[in-house]
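Student: Okay, handing you the structure first.
Laboratory data are not the source of any read-out in this text; all were calculated from the coordinates shown. None of the values given here were measured: they were computed from a predicted structure. Ideal geometry is used to build each Cβ from the backbone, glycine not excepted, and the neighbour counts take in all protein chains shown.
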Amino acid sequence: MDQPPRAKQIPKKIIEHGTERIDEYYWLRERENPDVHAYLEAENAYVESVMGGPSDLREKLFQELKGRLQEDDCSVPYKDGDYYYYVRTEAGKQYPIFCRKRGSLEAGEEVMLDENEVAAGHPYASVAFVKVSPDHAKLAYAVDFEGDERHELRVIDLATRALLGGGVSDVDYSLEWANDSATFFYTVADTLRRPYTVRRCVLGAADAGDVLVFAEPDDRFFVSLSKTRSGRFICIELHSQITSEVHLLEANAPGEPLRLVAPRRQGHEYSVEHRGDELLILTNAEAKNFRLVAAPIETPAEAYWREVIAHRDDVMLEGVEAFQDFIVIHELSDALRTFRIRPLEGDAFAVALPETVYALGGGPNPDYTASTFRFTYSSLVTPHTTYDFDTRTRILTLVKREEVLSGYDPAQYVVERTYATAPDGARIPLSLAYKRGAKMGENPCWLYGYGSYGSVASPAFSESNISLMDRGFVCATAHVRGGGELGRLWYEAGKFLSKKNTFTDFIACAEHLIEERYCAKERLVIAGRSAGGLLVGVVVNLRPDLFCAAIADVPFVDVVGTMMDPSLPLTVIEYEEWGDPNERVYHDYLSSYAPYENVERQAYPHMLVTAGLNDPRVQYWEPAKWVAKLRTHKTDDHLLLFQTNMGAGHGGPSGRYDSLREVAFEFAFVFKVLDIAG
């Protein structure tokens, strides 16, 4: 196919706030229309014709990426009760295998769940959770076969493999067992994919049928479940973008009434942990960056809160983990996370870490009485590592560092933190990695951004990025406003009527990389996914001259059209992130930057855009409409490729090899437009 497809234009008048606008590609929303599928397939065929089929550079890159994997691998086992639990992978198999051994690591292996068997016969399979009962006799899991995040619940007896229950559809991502190991609670999503109810199931009960425990009528709120490490409480957590509420269930008395911690009030966010005779509550009440308070279990209302850790302007409290003799505080400052240990007696102290730019994550720590704390660590050059930290001796023990094959040597690479200056003077952090000896000022750059929901773009290790750095790329992450890297104020400075800071911050980062000779202007590639795809869409409208190529994966680009349609999944809860366009001030602000509405007749960089047909978060038609409009407006002859995964959703392919093929495809696109040899 020599020429790209052109979507037909069927003008539709849309009236918003008394003003008429025309959407020529509104018809692409018609999911069941054969013409829609024909258009998507034509775009996919055009991609194949341009990229030369899967047997060329893509296949070479895939083999290169796969060659770094330890395909037969095993996670670090963790002890829970009398069992050691772990997850392993086998060469040639797409999915993980969940296993355990009883009594010791020398005991025989028991396979609890082989996700490869679950996925057999399905092109897509994603397991939402794997939850073992407290008596270690039963397993609950939920699986999605379409990518639309509609999970089917299954419960099995681990000894007999008999199916004990389940068959429930539309199960969301939460399930928790009561301590009797016969009762469990789970969340169910509505037709708009909002988890809104909690149901209770008692296995073997005479009156078959699950019981409704809680229902949330407010469309702004999602419902989720968690269990305190102590095992005493199951938490029913309600959260909108800016408001929280928590109800407690006694895990030893699962049929008893719920206990409210603190009633919701607009703008108040809090979360709950348990230790001893108190609840530990992380709250933003009078504390933008959160503070930690404690309250008696019997009287948890705000009037009884006492302060444990005060608010700090320069440190965000992200979470708290409670153990019998200490608590772990998750802190964030200057785009870096730290763990601070607070023992029952003595002063709090930070866990010392080996590098200055890194990423942290929690590990499995099921033992409430433990004196050690397990966590994961990596950096832009250090592979994923598991550490055990002894809170008494303060000794940090490296338990496992993932092996990267094909001769990877982290000493050959450099990590830096630099800062760009935004138009309003704000200092924007950038995390960088590149190979020693890179030709600064001439080399290409891969610049990634997100900048929404207060999410932190951590400088974590990526095996795939080695393929870029080995070809001279600087790999950069822009920690722009709208993300949470510098605390709550950083997030709030990039949302609502301040959202444009996200985009101008990113442009400032790109300009900084060029001016400081980290890369050549004509070799700068930008990438973002979902809300990061929105970021890409906005900046290529604003400064198309600044970038050589752009990759927008499942991009949120039809902002006004989606936010004006409350029948779509997530729209209503998103009002507290982007603003409610039913209010004129927000409608006009969204319209002023929305990528689809602001496509202009101008030259654009080379672009690759992706979508998932079953995506419930960003509907496939957003990137489809955007690309169709770009084709009629752009004045250049640069590549514009649009690929729709016809059997997946927001996260792309489910298998680990299929995911690598997607990365190889994107790299091949970039190498093609930059004329880099494979």
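Student: Please report the equivalent ellipsoid semi-axes of region 232-373, computed as sqrt(5 x eigenvalue) of the Cα gyration tensor, largest first, in whole Å.
Tutor: In descending order, the three semi-axes are 25, 19, 14 Å.
Student: What's the ranking of 44-52, 452-460 by average number of surrounding C-beta atoms within 10 Å, highest first?
Tutor: 452-460, 44-52
Student: Which lysines, if any, have their Cα less than 27 Å from the Cα of Lys79, not counting same-chain residues under 8 positions apart?
Tutor: Lys79 reaches Lys93, Lys101, Lys131, Lys138, Lys227, Lys400.
Student: Along the charge dipole of the chain, pointing to its positive end and built from +1/-1 on Cβ of Lys, Arg, Asp and Glu, which listed residue (Gly472, Val328, Pro364) has its Cα farthest out?
Tutor: Result: Gly472, furthest along the dipole toward the positive end.
Student: In bins 20 Å wide, starting from 0, what share of all Cα pairs of the chain does each bin hold, as a percent?
Tutor: Calculated P(r), rounded to whole percents: 16, 52, 30, 2.
Student: Per the chain: cysteines with no other Cys C-beta under 4.7 angstrom?
Tutor: Here Cys74, Cys99, Cys201, Cys235, Cys475, Cys509, Cys548 come out as lacking a disulfide-compatible partner, given the Cβ-Cβ threshold of under 4.7 Å.
Student: Something else: Would you calculate, for the chain, the mean residue ellipticity at 222 nm contributed by helices, counting each DSSP H stretch of 4 or more residues as -39,500 (n - 2.57) and dividing by all residues, to the nearest 500?
Tutor: -5500 deg cm²/dmol
Student: From the phi of every residue in region 263-274, what ³J(HN,Hα) in whole Hz does the Karplus formula 6.51 cos²θ - 1.76 cosθ + 1.60 yield, where θ is phi - 60° and glycine or proline is x?
Tutor: Taking θ as phi minus 60°, the curve returns x, 5, 9, 3, x, 9, 10, 7, 9, 10, 10, 10 Hz for region 263-274.
Student: So for region 410-656: antiparallel DSSP bridges make up what percent, rounded to the nearest 5?
Tutor: Within region 410-656, antiparallel bridges account for around 35 percent of the total.
Student: Cut-off under 30 Å on the C-alpha distance; same-chain residues fewer than 8 positions from Lys629 excluded. Which lysines are left, in chain and number order?
Tutor: Hits, sequence-local ones excluded: Lys8, Lys12, Lys13, Lys495, Lys499, Lys500, Lys521, Lys672.
Student: Another question about this same structure. Can you give me the C-alpha center-to-center distance between region 506-541 and region 271-349, rounded to a whole angstrom?
Tutor: Taking the Cα centre of each part, region 506-541 and region 271-349 sit 37 Å apart.
Student: For region 352-413, with only Lys/Arg (+1) and Asp/Glu (-1) charged at the beta-carbon, what is the dipole magnitude about the Cα centre, in debye rounded to 20?
Tutor: Its charge dipole is roughly 180 debye.
Student: With charges only on Cβ, +1 for K and R and -1 for D and E, what is the dipole size of region 410-656 about its Cα centre, in debye, rounded to 20?
Tutor: 580
Student: Along the positive direction of the dipole of the chain (beta-carbon charges: Lys, Arg +1; Asp, Glu -1; about the Cα centre), which of His136, Pro296, Leu153 reaches farthest?
Tutor: Highest projection toward the positive end goes to Pro296.
Student: Any idea what Rg and Dmax come out to for region 370-471 if you just take the C-alpha atoms, in Å?
Tutor: Here Rg and the maximum Cα pair distance are 16.9, 52 Å.
Student: To continue, here is another question. Among Leu344, Leu258, Leu546, rank each residue by its count of other Cβ atoms within 10 Å, from fewest to most, as a rough exposure measure.
Tutor: With the fewest neighbours first, Leu344, Leu258, Leu546 line up as Leu344, Leu258, Leu546.
Student: What's the center-to-center distance, using Cα atoms, between region 99-165 and region 649-678 in Å?
Tutor: Here the two parts' Cα centres lie 30 Å apart.
Student: For the chain, what is the charge dipole size about the Cα centre, in debye to the nearest 20, if Lys and Arg each add +1 at the Cβ and Asp and Glu each add -1 at the Cβ?
Tutor: In total the dipole reaches around 980 debye.
Student: Which translational diffusion coefficient, to the nearest whole µm²/s, is obtained for region 136-268 from the Stokes-Einstein equation, given a Kirkwood hydrodynamic radius over C-alpha pairs, 37 °C and 0.692 mPa s?
Tutor: Answer from the Stokes-Einstein relation: 212 µm²/s.
Student: Turning to a different aspect of this structure: Tell me, how many Å apart are the Cα centres for region 1-36 and for region 366-436?
Tutor: 46
Student: Could you pull the Rg and Dmax for region 4-94, using just the Cα atoms, both in Å?
Tutor: 24.3, 67
Student: Mind checking which helices in the chain clear 24 Å along their axis (Cα) and have mean Kyte-Doolittle hydropathy of -0.5 or more, DSSP H runs only?
Tutor: Helix filter hits for the chain: 34-51, 656-674.
Student: Expressed in whole Å with the largest first, what are the equivalent ellipsoid semi-axes of region 410-656 derived from the C-alpha gyration tensor as the square root of 5 times each eigenvalue?
Tutor: Gyration-tensor ellipsoid for region 410-656: 28, 21, 18 Å.
Student: In whole Å, what three semi-axes, largest first, describe the equivalent ellipsoid of region 417-507 built from its Cα gyration tensor (square root of 5 times each eigenvalue)?
Tutor: 26, 14, 10
Student: For region 410-656, with the dipole built from +1 on Lys and Arg beta-carbon atoms and -1 on Asp and Glu ones, taken about the Cα centre, which of Gly649, Ala520, Met564 lies farthest toward the positive end?
Tutor: The residue sitting most towards the positive pole is Ala520.
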